[in-house]
Amino acid sequence: MSVHAGLALLAVAAYEAGAWRLRKRGDRWPPVRDVVFGAGVGVALVPDAATFTGHVLQHVLLGMIAPLLVVLARPVTLLLRAVPTAARRRLTRVLGSRPAGVLVFPPVAAVLEAGSLWLLYRTGLFAAIGDEPWLHVHVLLTGLLFTTAICRLDPLRHRAGLGVRAGALIAAAAAHAVLAKTLYVTPPPGVVLAVADRQAGAQLMYYGGDVVELGLALVVALQWYAARGRAEVRSSRRTGVPVGARC
């Protein structure tokens, strides 16, 4: 068994142990989250690529699809509910710290995620490091950070407004799209690629990114809809006018 597969099994086992503990004491934890988390971890187990298109596929899976699935499973919420009280307090302090707040501020997370891709593909960095394993870890971590900042499903410091999150998502999507278009025209500096391979990889980055970003936009839109509904209920309680009775 490879190191990556071992770490993946450990992550799934830890998640399932936490879910089992919650259910054993009578707390509700939807089984669909177990499935989504397992799918996210499975997606992250991508094999090494021999072509540029395969390399881009790795990054779409590692940096976009896997993070979205993992974040939808709310692993931080599960951890906070499953661990003992003392550990929960320490974790809450870490999550509420100023450094954590800066990292999950959506514009900062967007710059770290999209900016690192621009540095990789539009400088000589890609030619220098190729497909080093630590690069895959970086892509996964920045993807998790960005997705966490946009979705805001787990407890975080200073919940950013929907407008800030939507703006960061739009900016990151634009950065991804422009990067993909530049790669369609010219390869990363210092790298020689077959034209068909390079263009197929650029198209995969462009359209694959669009699909995942639409998923993120759907999460934000559903949260906006739910927030609007809660606001109307509060207003109805204050004024006595039933929800839906307003013109």
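The values are calculated or read from the model by the stated rules, or taken from the named source; none is laboratory data. Here the structure is a predicted model, which means the values were calculated and not measured. Cβ coordinates were reconstructed from backbone atoms using ideal geometry, including for glycine residues, and neighbour counts include every protein chain displayed.
Among the residues of the range 92-111, is there at least one that is within 18 Å of CYS151 (Cβ to Cβ), modelled with pLDDT of 95 or more and under 11 Å from the mean Cα position of the chain (by Cα)?
Checked the range 92-111: at least one residue is within 18 Å of CYS151 (Cβ to Cβ), modelled with pLDDT of 95 or more and under 11 Å from the mean Cα position of the chain (by Cα).
Report whether or not THR92 is polar (S, T, N, Q) and under 28 Å from ALA217 (Cβ atoms). So that I can check it myself, show each step before the final result.
On the way: polar (S, T, N, Q): yes; under 28 Å from ALA217 (Cβ atoms): no.
No; evaluated as a whole, the condition is false for this residue.
If ASP34 satisfies every condition in (1) in a helix (DSSP H, G or I); (2) without any contact (Cβ under 8 Å) to a residue 60 or more places away in the chain; (3) surrounded by fewer than 14 Cβ atoms within 10 Å (Cβ to Cβ) but one, which is the exception?
So ASP34 meets the others, but not (3).
Among the aliphatic types (A, V, I, L, M) and either in a helix (DSSP H, G or I) or at pLDDT 95 or above (or both) - does that describe any residue in the range 47-54? If you could, list the steps in order and put the result at the bottom.
Within the range 47-54, the first condition is being among the aliphatic types (A, V, I, L, M), and the residues that meet it are 49-50.
So of that shortlist, the ones also either in a helix (DSSP H, G or I) or at pLDDT 95 or above (or both) come out as none.
There is no residue in the range 47-54 that is among the aliphatic types (A, V, I, L, M) and either in a helix (DSSP H, G or I) or at pLDDT 95 or above (or both).
Quick check on my filter: what residues within the range 183-199 are part of a helix (DSSP H, G or I) and either small (Gly, Ala, Ser) or touching an Asp or Glu at 6+ places or on another chain (Cβ under 7 Å) (or both)? Full working, then the answer.
Looking only at the range 183-199, we keep the residues that are part of a helix (DSSP H, G or I), and these are 183-185, 195-199.
Once the filter is applied, which keeps residues that are part of a helix (DSSP H, G or I) and either small (Gly, Ala, Ser) or touching an Asp or Glu at 6+ places or on another chain (Cβ under 7 Å) (or both), the range 183-199 yields only ALA196.
Enumerate the helices (runs of 4 or more DSSP H) found wholly within the range 64-120, keeping only those where 2 or more residues are over 28 Å from ALA180 (Cα atoms).
Answer list for the range 64-120: 75-82, 85-95, 98-103.
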